[in-house]
Each structure stands twice: as C-alpha cells, then as structure tokens.
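Some notes on the structure that comes next.
The values are calculated or read from the model by the stated rules, or taken from the named source; none is laboratory data. All values derive from a computational prediction rather than experimental measurement. Positions of Cβ are backbone-derived with ideal geometry, glycine not excepted, and every protein chain shown enters the neighbour counts. These accessible areas exclude ligands, DNA and RNA; they are computed on the full protein's heavy atoms, side chains included. Shrake-Rupley method; radii C 1.70, N 1.55, O 1.52, S 1.80 Å.
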Amino acid sequence: SQSSAKMRHATASLLYITTIFANTASVLAFNSPRNLRQYRHPWTIVSSRKHSVFRYASASTSKDSTKEPTNDISSLSSTTTTATNIGAEIIQNLFNAVIQRDFTSAINSFASNFTYEDTTYINAITNNHDDLQNHFQHSASLLPPDAQIIVDAIACDDTNGKVGAKWHLEKNGKTIPFSSGCSFYSIDIDTQKITEGFKATEMLVKTNEKIADAVVSNAAKLSGAADSFVERLQQSQKDQPSNDDKNDNEETANEAASIIQKYYNAWNNRDMELALSYFSDNCTVQTEDPLFVRTITGKDNLRTHLLENADSLPSSASIICDDIAIDTSNGNYGVRWHLEVNGNALPGLRGCSLCTSDVELGLLTSCYDVTEAPVKLPRVTKGSKYVFSDLMALSS
C-alpha cells in the first residue's frame, strides 16, 4: 500500500542517517588522530619558501611550477581564472586576509547583511561581523604560521556574482591532512561584497567500505527494491542509449539548464545512463560524504557508484541544486546543493561541489563533492583545538 511504502522509505532514511552518526561517533571515540596518518590525499604540490600567502596550485610539473607564489591575480594561468574575474579577486583577497591574520580586511569583504556557514561548526553566522572575526581568528589559530591556501580549481560567474572553489591547505610544501574542501560564495555585484558563504571540509573520520556496503544493502531492502543491485547493474549496461536516443532525450530537456542541472535531473529520475552521458569516458569523481569516501575513475566505475548511491537512499530521494556558478571562461561549475526525500530536506546532507568540463566536448571531466560534517563542533572548544593541533603536528 501507499502508506507502507512511505513507511519503508522513512525507515530507509532513518537507517541511513543513524548509521552515519553511529559510525562517526564510534570512530571518534576509539581512533586517535595519530592513527589517521594514512588519509593523505595525492594533491599536486607546489613548493615555496614564501609564507602565509594565497596561491593557486599548478597542474604543471614544468619549471614554472616552482616559481614563487604571487598575490597578483593577473599572472594566473588563463585556464584557472582571468584578471576580469571579479569574484575570484574578491575571494582571493578574503583568503589572503585570513591566512595573513588580517581579520579587519577579512570581515570587510562581507556586506552588512550576510550569512556565513562553516559546516564543520554549529550554526551559521548572520549579520554579525564580530562573530565572524572571532570565527576567522579561531580558524587561523588552529593553523601553523606558514600555512598556505591552495586553490585547485575555481568557477566564477561574474554575471550573477557566484563563485565556487575547490581548495586544500599546505605547510612547508606538504599537504595538511584532512584540509581539502569546497566553498561557495554569493557576491553583490554592485558593492562587490560577499553576502553568502558556505564552506564544506572533508571529514576527519572516514566511513569504511564494509559499512557503506551494509547501508546500501539494508536501505535497498527496506525501500522495497524489486531487483538486486547486480541485476540492475547488468540491465543498466545493456540499456545504454544510442547517440540518437541521447539526442532525443536532451531535446526534451530544458535547453537553458546547465549540464550539472541535467545530470542532477537524470539522477533524480534514476536514469543513470542519461546521467553518465554527461561525463567523459576518462572522468574522475571524488566524493567526501558520510557514507561514500572514494575516488572513481572512468564511466564503468562511476556507473557502479551511482547505482550504489541510489540504492542507499529511498527512491523519492532527490539532489536539489540550491545555487550554481557557471564559469564560461574555463568550463568549471561550482554548486551548492542538498538532499531531499519526498520534498523534505534531510538533516546533515548539504554539500558543495566543484566540477570541470571539456568545453569543446560539452562533457564533465571531473567532480569533487563534499558533504557537510554529520557531527559538528562548537565554535571554540579546547577539544577541537587539540584535535587540529595534533593534525598540524602530523604534517611537520
């Protein structure tokens, strides 16, 4: 019956969320931060002796990659940003100010009426510059004096003031563990001040594959899935659309929608082959969420992940795009999103993504997805400072 189906979907959602919180709490209780050394990420490193500056990571291994970092945005590679990207300059100035402990300049980057949310912590900061300055001071106090912010990719849409960025932190040319993340900003074009900021950082605690598989299996059963995962995977591979079918499907879609929105729509409709059609064959997708922490390479592996992800949630679950930055100069997309079931937002399942694309092919080449922390910290606690200070020692 319809009521029993709703009950199964609600139970599946509850199982998903409960498992996330239980797993996170257990790992926090029984694992020392010093045992987390294995979770280093293979980011491109650009060594430098210059301290406390904002700079972009170079994707090149040429001699140019060893140049001293610069604060001059006009010297950056055109494949990353250009001097005309006002949004990139504003975010650059904000990051510079925080890392250099110039907190007056940092808070002056924000409008009088603003909302800033660092999803590692409880509650957003709204229209209170003193609270914002305290937050930046506390965040900076957890970092070594020679920390650097490395922006790996950025999407700037100066037509609407939206900016998305993927970044990580380094100390003395080494990546600081658990320091990568994604941010999304809204900027008032007239005043060139930030009105909204949303920051999601990779989780300190990682869910292992066995727990993820268990959640997928149990959630699929509770949601009343008719076919097994393996059967649907095999069927999905058989049902790959031809080019004509893909063109027909795209013609019926909203032509004004971005490729990201089309991908979300396909996933929400559980049309995984259509969703996959928006990715290049050698695509890379990295996920940092309470259930799936993995790097997926290639369409076949991405197909498996998409089906597993769908199986972990009720069939009524949908990805809702809250805001998007479309950078036409480099084909990058910044996205802020959340997850819903039957039109209701699920707690602790908001996130931020940065995707790159091949402009000529019109296909996504990579995506980095970060979900907010399921267990949040108070704004200032001795415990949180101990944990992050210990992590700083790991990177030395």
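Going through the stretch 290-322 one residue at a time, which ones are acidic (Asp, Glu) and either at pLDDT 90 or above or not in a helix (DSSP H, G or I) (or both)? Steps first, please.
Our first condition is that a residue be acidic (Asp, Glu); within the stretch 290-322, this holds for 300, 308, 311, 322.
Selection gives ASP300, ASP322.
If I go through the stretch 290-329 residue by residue, how many of them are closer than 22 Å to SER258 by Cβ and open to solvent by 20 Å² or more (accessible area, probe 1.4 Å)? Looking only at that region, the number is 12. Can you confirm whether ARG336 is assigned to a helix (DSSP H, G or I) and either buried (at least 17 other Cβ atoms within 10 Å of the Cβ) or among the aromatic types (Phe, Trp, Tyr) (or both)? In short, no.
Sub-8 Å Cβ pairs linking a first residue in the stretch 77-99 that is in a loop (DSSP other than H, G, I, E, B) and at pLDDT 50 or above to a second residue that is open to solvent by 30 Å² or more (accessible area, probe 1.4 Å) and not aliphatic (A, V, I, L, M), at least 6 apart or interchain, are ASN85/ASP158; ASN85/SER329, ordered by first then second residue. Within the stretch 253-294, the set of residues being closer than 19 Å to GLY351 by Cβ and basic (Lys, Arg) comprises LYS262, ARG294.
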